[in-house]
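No lab work stands behind these numbers, since they all come straight from the coordinates. Predicted model, so just to flag it, every value in this text is computed and none were measured. Backbone-built Cβ (ideal geometry, glycine too); neighbour counts: all protein chains shown.
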Amino acid sequence: MSDQQQKFRLDKWLWQARFVKSRSLAAGLVTGGHVRVNGNRAAKPAHGVQPGDVLTFPQGDRIRVVRILAPALRRGPATEAQTLYDDMSPPMEKTEIPQGARNEGNSRPTKRDRRKLDLYRKGIGDDALE
């Protein structure tokens, strides 16, 4: 019976460890079949987990693999939440963006781009700016 008392809800732990912003999002992650506990897919948000279990789930554009170290008593600050688990995920590769480079399509055109566009629409062409 003491083994049953040490288990706690998966969705609540994910929320308290600050992997998701709300408990309903944690429950949706579990019911969507995206969370694995010790390699087995968790079917319900109320799935019982305990210290020592390994969770695998997607977070953003990466897959997180964490080992539960302790049950969460509350949703506290991030420093407290980081003591609840051991991150076993492979490190992310850093993709460096050169300083001053623009990501095309995600921002407004520069003044120079706008002038080129205006000249193109008037039929003058690119020769005038260069």
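A few points about this structure:
- Karplus-based coupling profile of segment 42-50, in residue order and whole Hz: 7, 8, 10, x, 8, 4, x, 10, 9, with θ = phi - 60° in 6.51 cos²θ - 1.76 cosθ + 1.60 and x standing for Gly or Pro.
- Summed residue charge, Cβ within 14 Å of Ala46's Cβ, Lys/Arg positive, Asp/Glu negative: +4
- Distant-in-sequence amide H partners of Asp53 (H built 1.01 Å from N, under 5 Å): Ile68
- Counted charge near Asp87, where neighbours are those whose Cβ lies closer than 12 Å (Asp, Glu -1; Lys, Arg +1): +2
- Segment 2-87 - Rg (one decimal) and Dmax (whole number), Cα, Å: 11.6, 38
- Hz values of 3J(HN,Hα) by residue in segment 68-85 - Karplus curve (6.51, -1.76, 1.60), Gly and Pro given as x: 6, 9, 8, x, 8, 8, 7, 8, x, x, 4, 5, 6, 5, 5, 7, 7, 9
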